[in-house]
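Here is the structure we will look at.
The values are calculated or read from the model by the stated rules, or taken from the named source; none is laboratory data. Keep in mind the model is a prediction, meaning the values are calculated, not measured. When we count neighbours, we look across all protein chains shown, and the Cβ atoms used for this are built from the backbone with ideal geometry, even at glycine. In case anyone asks, the SASA skips ligands and DNA or RNA and just uses the protein heavy atoms, side chains included. Shrake-Rupley method; radii C 1.70, N 1.55, O 1.52, S 1.80 Å.
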Amino acid sequence: MNTTSPESAPAAAPGRIVLLTTSHRVAPGLLSWPAWQALHAAGRVLCADGAHPQLPYLREAGLQVDEASPTAEELVEACAGGHTVVVVATGEGEPQLTDGLARLAGSGRVSMPDLELLPASYDLPGARLLDLVQVMDRIRAECPWSSQQTHKGLAKYGIEEAYELVEAIEEGDRDELREELGDVLLQVVFHARIAEEDPDTPFSIDDVAGGIVTKLIHRHPHVFGDETATTPEEVKEHWLRTKAIEKQRESVTDGVPLGQPGLALAAKLASRARTAGLEVTLPTGEGMGYELLAMAVRAEAAGVDPEAALRSAARAYRDAVRATEGVGA
(Lines give C-alpha, C1' and ligand atoms only; values in the text may rest on other atoms or scores of the structure.)
Protein backbone atom coordinates (compact mmCIF):
# COMPACT_ATOMS: atom_id res chain seq x y z
CA MET A 1 0.00 0.00 0.00
CA ASN A 2 1.21 3.47 -0.88
CA THR A 3 1.17 5.46 2.32
CA THR A 4 2.50 8.67 0.81
CA SER A 5 0.07 11.52 1.43
CA PRO A 6 -0.72 14.11 -1.25
CA GLU A 7 1.07 16.71 0.84
CA SER A 8 4.33 14.70 0.79
CA ALA A 9 4.23 13.75 -2.92
CA PRO A 10 7.11 15.25 -4.92
CA ALA A 11 6.12 18.28 -6.99
CA ALA A 12 6.31 18.05 -10.73
CA ALA A 13 9.49 19.51 -12.17
CA PRO A 14 8.86 23.10 -13.25
CA GLY A 15 10.81 22.79 -16.49
CA ARG A 16 12.98 25.28 -18.29
CA ILE A 17 12.52 28.38 -20.43
CA VAL A 18 15.33 29.35 -22.81
CA LEU A 19 15.21 32.81 -24.38
CA LEU A 20 17.33 32.52 -27.51
CA THR A 21 18.78 35.81 -28.79
CA THR A 22 20.56 36.38 -32.09
CA SER A 23 22.38 39.28 -33.70
CA HIS A 24 21.06 40.64 -36.98
CA ARG A 25 24.68 41.51 -37.84
CA VAL A 26 25.57 37.81 -38.11
CA ALA A 27 24.34 35.74 -41.05
CA PRO A 28 21.17 33.78 -40.17
CA GLY A 29 21.79 30.12 -39.39
CA LEU A 30 25.23 30.71 -37.90
CA LEU A 31 24.33 29.78 -34.34
CA SER A 32 26.47 28.60 -31.46
CA TRP A 33 26.69 24.91 -30.61
CA PRO A 34 24.95 25.39 -27.23
CA ALA A 35 22.11 27.08 -29.10
CA TRP A 36 21.68 24.16 -31.50
CA GLN A 37 21.80 21.75 -28.56
CA ALA A 38 19.07 23.67 -26.74
CA LEU A 39 16.90 23.84 -29.85
CA HIS A 40 17.12 20.12 -30.59
CA ALA A 41 16.50 19.16 -26.95
CA ALA A 42 13.47 21.44 -26.52
CA GLY A 43 9.93 20.13 -26.21
CA ARG A 44 8.68 23.19 -28.11
CA VAL A 45 10.30 26.02 -30.04
CA LEU A 46 8.28 29.25 -30.28
CA CYS A 47 8.74 32.49 -32.19
CA ALA A 48 6.37 35.43 -32.29
CA ASP A 49 7.70 36.73 -35.61
CA GLY A 50 6.77 34.56 -38.56
CA ALA A 51 9.25 36.50 -40.72
CA HIS A 52 12.18 36.04 -38.35
CA PRO A 53 15.31 35.52 -40.51
CA GLN A 54 16.38 32.48 -38.47
CA LEU A 55 13.21 30.47 -39.09
CA PRO A 56 14.04 29.07 -42.55
CA TYR A 57 17.36 27.76 -41.26
CA LEU A 58 15.85 26.26 -38.12
CA ARG A 59 13.20 24.46 -40.16
CA GLU A 60 15.80 23.29 -42.67
CA ALA A 61 17.62 21.74 -39.70
CA GLY A 62 14.49 19.68 -38.96
CA LEU A 63 13.08 21.78 -36.14
CA GLN A 64 9.41 22.55 -35.76
CA VAL A 65 8.97 26.20 -34.84
CA ASP A 66 5.51 27.36 -33.82
CA GLU A 67 4.56 30.95 -34.52
CA ALA A 68 3.11 31.99 -31.16
CA SER A 69 3.18 34.79 -28.60
CA PRO A 70 2.35 33.10 -25.30
CA THR A 71 1.77 35.05 -22.13
CA ALA A 72 4.08 34.47 -19.19
CA GLU A 73 1.44 32.29 -17.53
CA GLU A 74 0.95 30.18 -20.66
CA LEU A 75 4.69 29.72 -21.06
CA VAL A 76 5.12 28.59 -17.46
CA GLU A 77 2.24 26.14 -17.90
CA ALA A 78 3.85 24.75 -21.09
CA CYS A 79 6.99 23.96 -19.08
CA ALA A 80 5.10 22.06 -16.36
CA GLY A 81 6.23 18.48 -15.96
CA GLY A 82 9.87 19.25 -16.72
CA HIS A 83 9.50 20.37 -20.32
CA THR A 84 11.89 22.80 -22.01
CA VAL A 85 10.51 25.59 -24.19
CA VAL A 86 12.83 27.67 -26.36
CA VAL A 87 11.63 31.12 -27.35
CA VAL A 88 13.43 32.55 -30.37
CA ALA A 89 13.49 36.23 -29.46
CA THR A 90 12.52 38.91 -31.94
CA GLY A 91 14.66 41.96 -32.56
CA GLU A 92 13.05 43.76 -29.62
CA GLY A 93 14.05 41.01 -27.22
CA GLU A 94 10.55 40.02 -25.93
CA PRO A 95 10.27 42.69 -23.19
CA GLN A 96 6.58 42.03 -22.57
CA LEU A 97 7.22 38.34 -21.97
CA THR A 98 10.25 38.86 -19.74
CA ASP A 99 8.41 41.51 -17.71
CA GLY A 100 5.53 39.08 -17.21
CA LEU A 101 7.85 36.32 -16.08
CA ALA A 102 9.51 38.69 -13.62
CA ARG A 103 6.13 39.60 -12.14
CA LEU A 104 5.18 35.95 -11.78
CA ALA A 105 8.47 35.12 -10.10
CA GLY A 106 8.08 38.04 -7.73
CA SER A 107 4.59 37.04 -6.72
CA GLY A 108 5.78 33.84 -5.04
CA ARG A 109 2.55 32.11 -6.04
CA VAL A 110 3.93 30.13 -8.97
CA SER A 111 6.59 27.45 -9.13
CA MET A 112 8.79 29.02 -11.78
CA PRO A 113 10.75 27.06 -14.37
CA ASP A 114 14.46 27.67 -14.75
CA LEU A 115 15.05 30.77 -16.86
CA GLU A 116 18.05 31.02 -19.19
CA LEU A 117 19.14 33.75 -21.59
CA LEU A 118 21.17 32.07 -24.32
CA PRO A 119 22.96 34.23 -26.92
CA ALA A 120 22.89 32.09 -30.05
CA SER A 121 24.97 34.60 -32.01
CA TYR A 122 26.59 37.79 -30.85
CA ASP A 123 28.43 40.75 -32.27
CA LEU A 124 32.13 40.64 -32.94
CA PRO A 125 34.25 43.79 -32.49
CA GLY A 126 33.41 46.25 -35.23
CA ALA A 127 29.91 44.88 -35.82
CA ARG A 128 28.26 48.27 -35.32
CA LEU A 129 30.11 49.48 -38.41
CA LEU A 130 27.61 47.40 -40.38
CA ASP A 131 24.82 49.45 -38.83
CA LEU A 132 26.58 52.64 -39.86
CA VAL A 133 26.84 51.44 -43.46
CA GLN A 134 23.13 50.55 -43.50
CA VAL A 135 22.12 53.89 -41.99
CA MET A 136 24.27 55.74 -44.51
CA ASP A 137 22.67 53.79 -47.37
CA ARG A 138 19.22 54.90 -46.27
CA ILE A 139 20.23 58.51 -45.67
CA ARG A 140 21.85 58.71 -49.09
CA ALA A 141 18.70 57.36 -50.70
CA GLU A 142 16.05 59.27 -48.74
CA CYS A 143 17.53 62.51 -47.35
CA PRO A 144 17.05 65.52 -49.70
CA TRP A 145 20.35 67.08 -48.57
CA SER A 146 22.54 63.98 -48.31
CA SER A 147 21.38 62.57 -51.63
CA GLN A 148 22.74 65.64 -53.44
CA GLN A 149 26.18 65.78 -51.86
CA THR A 150 29.43 65.27 -53.79
CA HIS A 151 33.02 64.60 -52.79
CA LYS A 152 33.95 68.22 -53.44
CA GLY A 153 30.96 69.54 -51.53
CA LEU A 154 31.86 67.49 -48.47
CA ALA A 155 35.59 68.28 -48.52
CA LYS A 156 35.30 71.24 -46.15
CA TYR A 157 33.51 69.10 -43.56
CA GLY A 158 36.36 66.60 -43.59
CA ILE A 159 38.79 69.37 -42.70
CA GLU A 160 36.51 70.75 -39.98
CA GLU A 161 35.93 67.34 -38.40
CA ALA A 162 39.65 66.58 -38.41
CA TYR A 163 40.39 69.82 -36.55
CA GLU A 164 37.63 69.16 -34.05
CA LEU A 165 39.09 65.70 -33.43
CA VAL A 166 42.52 67.21 -32.78
CA GLU A 167 40.97 69.71 -30.37
CA ALA A 168 39.19 66.93 -28.46
CA ILE A 169 42.49 65.04 -28.15
CA GLU A 170 44.33 68.12 -26.90
CA GLU A 171 41.56 68.98 -24.44
CA GLY A 172 41.58 65.45 -23.05
CA ASP A 173 37.77 65.20 -23.16
CA ARG A 174 36.96 61.50 -23.56
CA ASP A 175 33.29 61.97 -24.39
CA GLU A 176 34.14 64.61 -26.97
CA LEU A 177 36.87 62.39 -28.39
CA ARG A 178 34.43 59.53 -28.92
CA GLU A 179 31.95 61.83 -30.63
CA GLU A 180 34.53 63.45 -32.90
CA LEU A 181 35.93 60.07 -33.92
CA GLY A 182 32.39 59.20 -34.99
CA ASP A 183 32.13 62.39 -37.02
CA VAL A 184 35.40 61.61 -38.80
CA LEU A 185 34.23 58.03 -39.42
CA LEU A 186 31.02 59.41 -40.91
CA GLN A 187 33.04 61.35 -43.47
CA VAL A 188 34.77 58.15 -44.56
CA VAL A 189 31.53 56.19 -44.88
CA PHE A 190 29.75 59.09 -46.61
CA HIS A 191 32.46 59.50 -49.24
CA ALA A 192 32.60 55.75 -49.82
CA ARG A 193 28.82 55.65 -50.30
CA ILE A 194 28.99 58.47 -52.86
CA ALA A 195 31.83 56.63 -54.62
CA GLU A 196 29.57 53.63 -55.20
CA GLU A 197 27.53 55.72 -57.63
CA ASP A 198 30.41 56.72 -59.88
CA PRO A 199 29.61 55.49 -63.40
CA ASP A 200 33.23 54.87 -64.39
CA THR A 201 35.28 53.85 -61.34
CA PRO A 202 32.93 52.98 -58.47
CA PHE A 203 34.20 51.61 -55.17
CA SER A 204 32.61 50.79 -51.83
CA ILE A 205 33.46 50.97 -48.14
CA ASP A 206 34.62 47.35 -48.42
CA ASP A 207 37.13 48.39 -51.08
CA VAL A 208 38.32 51.20 -48.80
CA ALA A 209 38.73 48.85 -45.85
CA GLY A 210 40.35 46.17 -47.98
CA GLY A 211 42.85 48.65 -49.34
CA ILE A 212 43.97 49.91 -45.95
CA VAL A 213 44.22 46.34 -44.59
CA THR A 214 46.51 45.38 -47.47
CA LYS A 215 48.59 48.52 -46.96
CA LEU A 216 48.96 47.98 -43.22
CA ILE A 217 50.07 44.38 -43.64
CA HIS A 218 52.55 45.28 -46.38
CA ARG A 219 54.03 48.18 -44.42
CA HIS A 220 54.43 46.16 -41.22
CA PRO A 221 56.75 43.34 -42.32
CA HIS A 222 58.05 43.24 -38.74
CA VAL A 223 54.57 42.17 -37.63
CA PHE A 224 53.27 40.12 -40.55
CA GLY A 225 56.55 39.13 -42.22
CA ASP A 226 60.12 38.12 -41.51
CA GLU A 227 61.69 41.50 -40.85
CA THR A 228 62.41 42.82 -37.38
CA ALA A 229 62.01 46.23 -35.79
CA THR A 230 62.67 46.93 -32.13
CA THR A 231 62.36 50.73 -32.04
CA PRO A 232 59.82 53.25 -33.33
CA GLU A 233 62.55 54.67 -35.57
CA GLU A 234 63.09 51.31 -37.26
CA VAL A 235 59.33 50.95 -37.77
CA LYS A 236 59.24 54.38 -39.41
CA GLU A 237 62.12 53.41 -41.68
CA HIS A 238 60.23 50.28 -42.77
CA TRP A 239 57.15 52.37 -43.45
CA LEU A 240 58.90 55.02 -45.52
CA ARG A 241 60.94 52.47 -47.46
CA THR A 242 57.96 50.36 -48.47
CA LYS A 243 55.92 53.49 -49.18
CA ALA A 244 58.61 54.82 -51.51
CA ILE A 245 58.69 51.50 -53.39
CA GLU A 246 54.88 51.44 -53.68
CA LYS A 247 54.59 55.02 -54.87
CA GLN A 248 57.80 55.02 -56.94
CA ARG A 249 58.58 58.50 -55.68
CA GLU A 250 61.61 60.47 -56.76
CA SER A 251 61.84 62.62 -53.63
CA VAL A 252 61.12 62.16 -49.94
CA THR A 253 58.93 65.26 -50.25
CA ASP A 254 56.60 63.61 -52.78
CA GLY A 255 53.17 63.06 -51.30
CA VAL A 256 53.44 65.78 -48.67
CA PRO A 257 50.21 67.84 -49.03
CA LEU A 258 51.27 71.44 -49.57
CA GLY A 259 47.82 72.73 -48.59
CA GLN A 260 48.20 71.91 -44.90
CA PRO A 261 48.90 74.64 -42.31
CA GLY A 262 52.34 76.23 -42.68
CA LEU A 263 53.94 75.06 -39.43
CA ALA A 264 52.70 71.52 -39.96
CA LEU A 265 53.98 71.58 -43.54
CA ALA A 266 57.43 72.77 -42.49
CA ALA A 267 57.64 70.14 -39.75
CA LYS A 268 56.53 67.37 -42.12
CA LEU A 269 59.17 68.30 -44.69
CA ALA A 270 61.82 68.47 -41.97
CA SER A 271 60.76 65.06 -40.67
CA ARG A 272 61.02 63.51 -44.12
CA ALA A 273 64.49 64.98 -44.65
CA ARG A 274 65.75 63.97 -41.21
CA THR A 275 64.43 60.41 -41.52
CA ALA A 276 66.13 60.08 -44.90
CA GLY A 277 69.42 61.25 -43.37
CA LEU A 278 69.63 64.34 -45.55
CA GLU A 279 71.67 67.31 -44.40
CA VAL A 280 69.68 70.20 -45.83
CA THR A 281 70.77 73.82 -45.61
CA LEU A 282 67.79 75.95 -44.68
CA PRO A 283 66.93 78.59 -47.26
CA THR A 284 67.34 82.17 -46.12
CA GLY A 285 65.41 85.20 -47.13
CA GLU A 286 63.63 88.31 -45.99
CA GLY A 287 60.53 88.16 -43.85
CA MET A 288 59.02 86.34 -40.92
CA GLY A 289 58.31 83.21 -42.97
CA TYR A 290 61.92 82.12 -43.02
CA GLU A 291 62.23 82.70 -39.29
CA LEU A 292 59.13 80.58 -38.68
CA LEU A 293 60.52 77.90 -40.99
CA ALA A 294 63.74 77.74 -38.97
CA MET A 295 61.76 77.52 -35.71
CA ALA A 296 59.55 74.74 -37.10
CA VAL A 297 62.59 72.73 -38.22
CA ARG A 298 64.24 73.13 -34.82
CA ALA A 299 61.04 72.07 -33.07
CA GLU A 300 60.71 68.95 -35.20
CA ALA A 301 64.35 68.01 -34.54
CA ALA A 302 63.65 68.35 -30.81
CA GLY A 303 60.59 66.08 -31.03
CA VAL A 304 58.09 68.94 -30.65
CA ASP A 305 55.07 69.32 -32.91
CA PRO A 306 55.24 73.06 -33.73
CA GLU A 307 51.61 73.18 -34.83
CA ALA A 308 50.40 71.66 -31.55
CA ALA A 309 52.78 73.86 -29.55
CA LEU A 310 51.48 77.01 -31.22
CA ARG A 311 47.86 75.93 -30.68
CA SER A 312 48.59 75.41 -26.99
CA ALA A 313 50.17 78.85 -26.74
CA ALA A 314 47.27 80.35 -28.70
CA ARG A 315 44.76 78.89 -26.24
CA ALA A 316 46.73 80.46 -23.40
CA TYR A 317 46.62 83.75 -25.31
CA ARG A 318 42.86 83.36 -25.75
CA ASP A 319 42.49 82.89 -22.00
CA ALA A 320 44.58 86.00 -21.41
CA VAL A 321 42.37 88.00 -23.77
CA ARG A 322 39.23 86.80 -21.99
CA ALA A 323 40.76 87.61 -18.62
CA THR A 324 41.56 91.13 -19.83
CA GLU A 325 37.96 91.47 -21.00
CA GLY A 326 36.71 90.21 -17.65
CA VAL A 327 35.04 87.21 -19.32
CA GLY A 328 34.96 83.91 -17.43
CA ALA A 329 36.86 80.94 -18.84
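Pairs with C-alpha atoms separated by more than 24 Å, drawn from the list Lys243/Lys268; Lys215/Lys236; Lys156/Lys215; Lys156/Lys243, are Lys156/Lys215; Lys156/Lys243.
Shown here for region 177-220: trypsin sites (Lys or Arg not before Pro) in loop regions (DSSP other than H, G, I, E, B) with at most 11 other Cβ atoms within 10 Å, of which there are none. Within the accessible surface of the chain, defined with a 1.4 Å probe on protein heavy atoms only, the carbon and sulfur portion equals 57 percent. Shape of region 281-329 from the C-alpha gyration tensor: oblate (a/c of 1.5 or more and a/b not above b/c, with a ≥ b ≥ c the square roots of its eigenvalues). Counting only the backbone N, which residues of region 14-56 are under 15 Å from the spot 7 Å out from the Cα of Arg138 toward its beta-carbon? Hits in region 14-56 for Arg138 at 15 Å: 24-25.
Once you sort the root eigenvalues of the Cα gyration tensor of region 171-271 as a ≥ b ≥ c, which label holds: rounded (a/c under 1.5), prolate (a/b larger than b/c) or oblate (the other case)? Cα axes put region 171-271 in the rounded bin. Accessible surface area normalised per residue over region 175-310 is 67 Å², counting heavy atoms of protein chains with a 1.4 Å rolling probe.
Restricting the GluC sites (Glu not before Pro) of region 226-329 to loop positions (DSSP other than H, G, I, E, B) with no more than 15 neighbouring Cβ atoms within 10 Å leaves Glu227, Glu250, Glu279, Glu286. About the Cα centre, and with charges only on the beta carbon of Lys, Arg (+1) and Asp, Glu (-1), how big is the dipole of region 224-309? Nearest 20 debye, please. Magnitude of the dipole: close to 140 debye.
Can you classify region 174-219 as rounded, prolate or oblate using the Cα gyration tensor, where a ≥ b ≥ c are the square roots of its eigenvalues, rounded means a/c under 1.5, and otherwise it's prolate if a/b beats b/c and oblate if not?
oblate
The stretch between Glu164 and Ser32, if pulled fully straight at 0.36 nm per residue, gains 43.3 nm over its current Cα-Cα span.
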